[in-house]
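To start, the structure itself, in structure tokens.
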């Protein structure tokens with residue numbers, strides 16, 4: 001597991017480095033989901049349980065980085081960005097990590113009743129969410145370099161382009177989620193009511209990976225206008 005960064009003294013605090021480290025752990029958690037969705041539709045509880053355990057370890061590491069960042073922000077009087085905007089970005093990163101855990105939990109609840117014929121469209125929807133979190137990680141990773149160059153230069157323009165591209169990805173994901181939901185509606189009599197509700201919830205959580213990535217990108221953009 002990645003080692004946790006320690007704060008030595010207020011002058012050594014690097015909040016953006018901690019933010020980047022935290023985002024990396026969040027993305028590692030999301031990267032577990034394609035294997036999990038394959039296990040879900042294959043009825044493989046053992047793999048799902050193992051994946052959830054891996055994600056719990058990553059979550060624990062992310063929480064430790066979160067606590068260090070929060071402690072460091074409390075001691076630091078001078079920051080290169082607005083403290084509230086930084087915390088908003090961190091909160092959104094945390095929300096994506098929570099989504100990943102919700103998705104695993106819902107899969108385990110639904111496992112005996114997974115509609116296997118929907119495996120491909122659901123996997124495609126998930127792939128869009130995983131890709132979106134990867135793009136927003138690039139945005140977060142670029143923040144430190146942008147700060148070092150004084151909020152100017154080609155790196156800033158490239159990051160703004162990534163932020164704009166996430167809007168288009170979100171529209172594609174919304175269309176995919178609606179298509180799967182329409183298919184489910186036509187089959188509602190074939191599934192028990194509890195499984196149907198849980199599967200709709202699972203679709204919502206998977207689609208929210210892309211939505212939350214877009215929201216995180218917009219919050220990161222606020223850091224770039226200071």
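Bear in mind these aren't lab numbers, they're just calculated from the coordinates by the rules spelled out. Note that the coordinates shown come from a computational prediction; the quantities given were computed from them, not determined experimentally. Because the Cβ atoms are built from the backbone with ideal geometry, glycine has one as well, and the counts that use them run over all protein chains shown.
The convex hull around the C-alpha trace of segment 164-215, projected and averaged over every direction, spans 3.4 square nanometres.
Sorting 22, 57 from the fewest to the most surrounding beta carbons within 10 angstrom yields 57, 22.
Size descriptors for segment 12-223, from the alpha-carbon set: Rg then Dmax equal 18.5, 61 Å.
With each run of n ≥ 4 DSSP H residues scored as -39500 (n - 2.57), what mean residue ellipticity at 222 nm is computed for the chain after dividing by its residue count and rounding to the nearest 500 deg cm²/dmol?
-28000 deg cm²/dmol
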